[in-house]
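Everything below concerns the one structure shown next.
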Amino acid sequence: MTEQADAAMRMARQGWQVLPCHSPIVAGCSCGNAECSSTGKHPRTKRGLNDATADLETVRRWWRSWPEANVGIRTGAVSGLVVVDIDPAHGGLDSIRRLHGERPLPEGLRVRTG
């Protein structure tokens, strides 16, 4: 199994609804659209986030079909998961301070990218 497949399975085991997303490739995006503006960030399935599931067999089948697929997670009221994307390069730290003050953010999962 690929790293992405392992991650998708771990998330699904936690009850998080996941779905396979396109991947960045040398030519741009695996969707094949030369003008894709969401490289590696949009669903591979027909119904997009409405296909998201925690069903392990479905997740296994998807990553057998697309082993390099990025992992998408359904967030919001349906899942109870909230994502806050703070981009320091574009004023994100200032924005979060205006919204939340100097108090520390609540505990939770944190990911640093880029």
Helix 56-65 sits at what angle to the longest principal axis of the chain, using alpha carbons and giving 0 to 90 degrees rounded to 10?
70 degrees
Per DSSP, loop trypsin sites (Lys or Arg not before Pro) in the range 2-78 with at most 11 further Cβ within 10 Å
46, 47
Going by alpha carbons, how many degrees (0 to 90, nearest 10) lie between the helix axis of 3-13 and the longest principal axis of the chain?
70 degrees
Just to make sure I understand: if all protein chains stay in place, what is the order of 59, 26 by accessible area at 1.4 Å, largest first?
26, 59
Could you do me a favour and compute the accessible area per residue for the chain, 1.4 Å probe, result in Å²?
73 Å²
Options (1) 15; (2) 43; (3) 32 - which one matches percent of Cα pairs over 22 Å apart as calculated here:
(2)
For the range 47-112, just say rounded, prolate or oblate: build the C-alpha gyration tensor, square-root its eigenvalues into a ≥ b ≥ c, call rounded for a/c under 1.5, and beyond that prolate if a/b exceeds b/c, oblate if not.
prolate
Whats the longest run of the chain with zero GluC sites (Glu not before Pro) that are DSSP loop and have at most 15 other Cβ atoms within 10 Å?
36-101
With +1 on the Cβ of every Lys and Arg and -1 on the Cβ of every Asp and Glu, and nothing else charged, how large is the dipole of the chain about its Cα centre, in debye rounded to the nearest 20?
220 debye
For the chain, with +1 on Lys and Arg beta carbons and -1 on Asp and Glu, the positive-most of 23, 69, 79 along the dipole:
79
Within the accessible area of the chain (1.4 Å probe), percent carbon and sulfur:
51 percent
In the chain, taking the dipole from +1 charges on Lys and Arg beta carbons and -1 charges on Asp and Glu beta carbons about the Cα centre, the listed residue (52, 111, 39) farthest towards the positive end is 52
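The values are calculated or read from the model by the stated rules, or taken from the named source; none is laboratory data. Just so we're clear, the structure is a prediction, and the values are computed from it rather than from any experiment. Every residue, glycine as well, gets a Cβ built from its backbone with ideal geometry; the counts of neighbours run over all protein chains shown. Ligands, DNA and RNA are excluded from the accessible area calculation, which covers all protein heavy atoms including side chains. Shrake-Rupley method; radii C 1.70, N 1.55, O 1.52, S 1.80 Å.
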